[in-house]
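The values are calculated or read from the model by the stated rules, or taken from the named source; none is laboratory data. Since the structure is predicted, the reported quantities are computational estimates derived from the model, not experimental observations. Don't worry about glycine lacking a Cβ; one is built from the backbone with ideal geometry, like all the others, and counts go over all protein chains shown. When the accessible area is computed, the model is the full protein with side chains, heavy atoms only, and any ligands, DNA or RNA have been set aside. Shrake-Rupley method; radii C 1.70, N 1.55, O 1.52, S 1.80 Å.
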Amino acid sequence: MYAQVIVDIAHSQVDRIFEYSCKDGVPAGSRVKVPFGGRVVDGFIVGLSQASSFPAEKVKPVGFVYDEPPALVPECFSLMNELSERYRVPKAVCLRLFLPSEMRSGKVRELYKKLVKFTGAELIFSKAAKKQAEFYAFLRDAGQADYSSCCEKFGRGAVNAVTEKGGAELVKVKVNRSPSGFFQTEEAGRTLTPAQLSALESIRKDGRTVQLVHGVTGSGKTEIYLNVISSALAAGKTAVFLVPEISLTPQMFSQLRRRFGEKAAILHSGLSAGERFDEWWRLRTGEARIAIGARSAVFSPLENIGAIIMDEEHDGSYFSESAPRYSTLEVALLRAKHNGCKLILGSATPSVESYAKAVAGEYGLITLKERINGKPLPHVTMADMRKEVKRGNNTAFSSALRERLRDTLGQGNQAIIFLNRRGYSRSVVCQDCGYALRCENCDVALAYHSEEDCLKCHYCGARYRMPRACPECGGLHLRYGGTGTQRVVADLKHDFPSARILRMDNDAASGKEGHYKILKKFAERQADILVGTQMIAKGHDFPAVTLVGILDADMSLHFFDYRAGERTFQLVTQVAGRSGRAGEAGQVVLQTYSPENTVLRYAADYDYEGFFQNEIALRKATRFPPFSLICRVMVTAEEDGAALEALKGVYFGAAELQRLRPQKFIFLNKMHSPIKKIQGRVRYQVLMRLEDGELLPEIYALAVKFSSPKALVYVEENPVNLS
Ligand code: ADP
Ligand code: ZN
């Protein structure tokens, strides 16, 4: 037999298929070691044939075949080809997406434990061998037991002696490092509401591959997903359930475990390497049939997929920010088509792009207008911060919010305060000369962190000591600019001394379980107020929360980004949805300096439809996506010269494309990126607005052409982050 092998080297020069000979019966998809240019390297068998296209003496044999079963499922091969062409990355890089990184590093292995098993042999022991007799009797009753705990209890000598005499045998069994430690039993589904039933029926009956479920927060979308998954399993198929990393909460886990028990495998970054490795294998072997995870779970090693679900489909984390910069939706759609199954997108605030497709009839559209318990969505009060300032209130809290907070705490309920900025202050500014303290590696202002009494760069993570004087003019009047979550907590502690306050942001929630611990504490009502960044915006269900305060609703409105309005609408709606989910009616106070802003108005009225009509008209008039494609070619380098040279190359290449196909270009220019330097690398961009994606292959080719060890060049399509 001959094996077509892709070597695991991420370089375009070896990005092709190499042929080796192999034994009969080696399956396609196997991971192998092969001789390659005087070395031995890892590779993957992506095809097999009886005959070779080379003379027999030229073909070397495969050195070693790894795993059983093969690591890659057959579907990977076609996906690999499609992704490698689409995003212009070597095939080896695409294949890596399908494997847990722990497997390639070789640092994590399967975990085995030794058991002792009773053989049934009749043994007689002398008086002196008391421990042996005890162990023998124990094992006869137990049938089998853990080897090392038996050694602890009866002594290693006794256990080994009984084994040697034939009374027990040692067996090795694989242990699954299960993320929750144990599997809960499965639970039957709930009685569905009429709205849920009709949603499921539309999904089943509608012929279109993609179905968009647009349902307000708390309308029971999750229950719909779980039913879709159950149906897939009942039909003997598998399912993929994608959620933003941030919504992989303990509540979500236990809900899934309760419903699906061991059939669900959970892949997320909070797991230990061993746990992730084992969960992945459980999927590969078919022991688990539902893959639940963030973006990368779209590459789960499942066959015969019956449904793919993407919850919170509008979430920015569904776009990969390292090569290949894939869109999860695109990959999910490829897999759905390959498997002939449905792709279900769900959100309370669908992305404008997806909703436009649904309106146009390309996707099926299912709308859920009401919360499950019939409770109204919380009432939103706008607080005009300009008036507050005029009144002499310079704190971060409007009087409306302060008042309602007092009431909420007085009634023994909980409140959530949202501010999408971590640290104590956004910046530190010298009042004498106006200088703002900056990071040495990045072109950004440093934030003050009161907890560690230091300055932090939110882009590269660098820390600096807080200076006493301005490094520019020596002035002693340094002022904190812009409020962050730490300052909010400090102010709340001052104003509400008896309230118990928790904070959740990237600083507070570090470590494997940091963020779960905070949520758990809050859910158990060990705190009255939770202050947090967008980490708290999603998915959480806290029944006692009756007040949500949004401190600076305008913040995301001013980003240099066509999605600014959309992002703001989504964030406000999601955060507001945390209030009043159970018994009592909820309230929301939305603080803003622009209360007349249309987007905020629609958000306060929960009017997605209105927001969408307004936004889509705007995008159409200004020709922004989905009426065009924004394409940014980023160039980063340590040296300005190298960056500028690559930038020039890409720009002239693009200008040539524009000369040939002028009608395809709405905009083309080269410039500094808004943040000119990150982590010591200067940043430039060629920014394009294109009629459609037709020229993308040529633009990707330009990026490959001008990329070098000195300058990194890559393409972003409709980037989530234009900084
Ligand atoms: P969404 O995902 O749309 O925000 P959820 O699926 O979290 O909404 O549902 C909101 C609440 O309603 C949850 O507490 C959930 O347990 C409950 N729920 C959902 N479906 C039903 C049902 N059919 N019967 C009773 N309670 C339900
Ligand atoms: Zn920095």
**Study point:** Filter result for Thr191 (within 11 Å of ligand 1 (Cβ to nearest atom), farther than 27 Å from Ala576 by Cα and modelled with pLDDT under 95)
**Key:** yes
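Listed here are the residues, each with its yes/no results for (1) outside any loop (DSSP other than H, G, I, E, B); (2) open to solvent by 30 Å² or more (accessible area, probe 1.4 Å); (3) farther than 30 Å from Ser723 by Cβ; (4) touching a residue at least 60 places away in the same chain (Cβ under 8 Å).
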site: Glu313; (1), (2), (3), (4): no, no, no, yes
site: Ser317; (1), (2), (3), (4): yes, yes, no, yes
site: Leu329; (1), (2), (3), (4): yes, yes, no, no
site: Leu334; (1), (2), (3), (4): yes, yes, no, yes
site: Ile344; (1), (2), (3), (4): yes, no, yes, yes
site: Pro350; (1), (2), (3), (4): no, no, no, yes
site: Ile366; (1), (2), (3), (4): yes, no, yes, yes
site: Arg371; (1), (2), (3), (4): no, no, yes, yes
Review point. Which ones in the stretch 688-706 are under 28 Å from the mean Cα position of the chain (by Cα) and surrounded by fewer than 19 Cβ atoms within 10 Å (Cβ to Cβ)?
Key: Asp692, Gly693, Leu696, Pro697, Val704
Exercise for review: Looking at (1) touching a strand residue (DSSP E or B) at 6+ places or on another chain (Cβ under 7 Å); (2) away from ligand 1 (no atom under 16 Å from the Cβ); (3) at pLDDT below 95, find the lone condition where Glu287 falls short.
Suggested key: (1)
Check your understanding: Only one of (1) part of a loop (DSSP other than H, G, I, E, B); (2) open to solvent by 20 Å² or more (accessible area, probe 1.4 Å) is not met by Glu609, so which one is it?
Key -> (1)
Exercise for review: For residues that are of a type outside the set (S, T, N, Q) and in a helix (DSSP H, G or I), scanning just the stretch 291-311, find the one that is nearest to the chain's Cα centre (by Cα).
Suggested key: Arg295
Point to revise | Where Tyr355 falls short, out of the listed (1) assigned by TED's automatic domain parsing to the domain that holds Thr222; (2) surrounded by fewer than 22 Cβ atoms within 10 Å (Cβ to Cβ); (3) assigned to a helix (DSSP H, G or I) | key: (2)
Check your understanding: Quick one: which helices (runs of 4 or more DSSP H) sit completely within the stretch 1-108 and have at least 1 residues that are surrounded by 15 or more Cβ atoms within 10 Å (Cβ to Cβ) and among the acidic types (Asp, Glu)?
Key -> 75-87, 101-105
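To keep it simple, each residue is scored yes or no on (1) open to solvent by 30 Å² or more (accessible area, probe 1.4 Å); (2) at pLDDT 90 or above; (3) aromatic (Phe, Trp, Tyr).
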| site | (1), (2), (3) |
| --- | --- |
| Ile501 | yes, yes, no |
| Ala509 | no, no, no |
| Gln526 | yes, yes, no |
| Val545 | no, yes, no |
| Asp554 | no, no, no |
| Phe560 | yes, no, yes |
Practice item. For the stretch 412-420, indicate whether the set of residues that are surrounded by fewer than 16 Cβ atoms within 10 Å (Cβ to Cβ), in a helix (DSSP H, G or I) and in the same structural domain as Asp507 (by TED's automatic domain parsing) is non-empty. Key: no
Practice item. Quick one: which residue in Leu419, Leu446 is under 36 Å from the mean Cα position of the chain (by Cα), over 24 Å from Ala537 (Cβ atoms) and of a type outside the set (Ser, Thr, Tyr)? Key: Leu446
**Study point:** Selected residue (only one of Gly346, Gly340 is of a type in the set (Gly, Ala, Ser), farther than 19 Å from Arg86 by Cβ and away from ligand 1 (no atom under 16 Å from the Cβ))
**Key:** Gly340
Check your understanding: Out of curiosity, is Arg282 more than 16 Å from ligand 2 (Cβ to nearest atom), open to solvent by 20 Å² or more (accessible area, probe 1.4 Å) and either in contact (Cβ under 8 Å) with a residue 12 or more places away in the chain or more than 27 Å from Gly236 (Cβ to Cβ) (or both)?
Key -> no
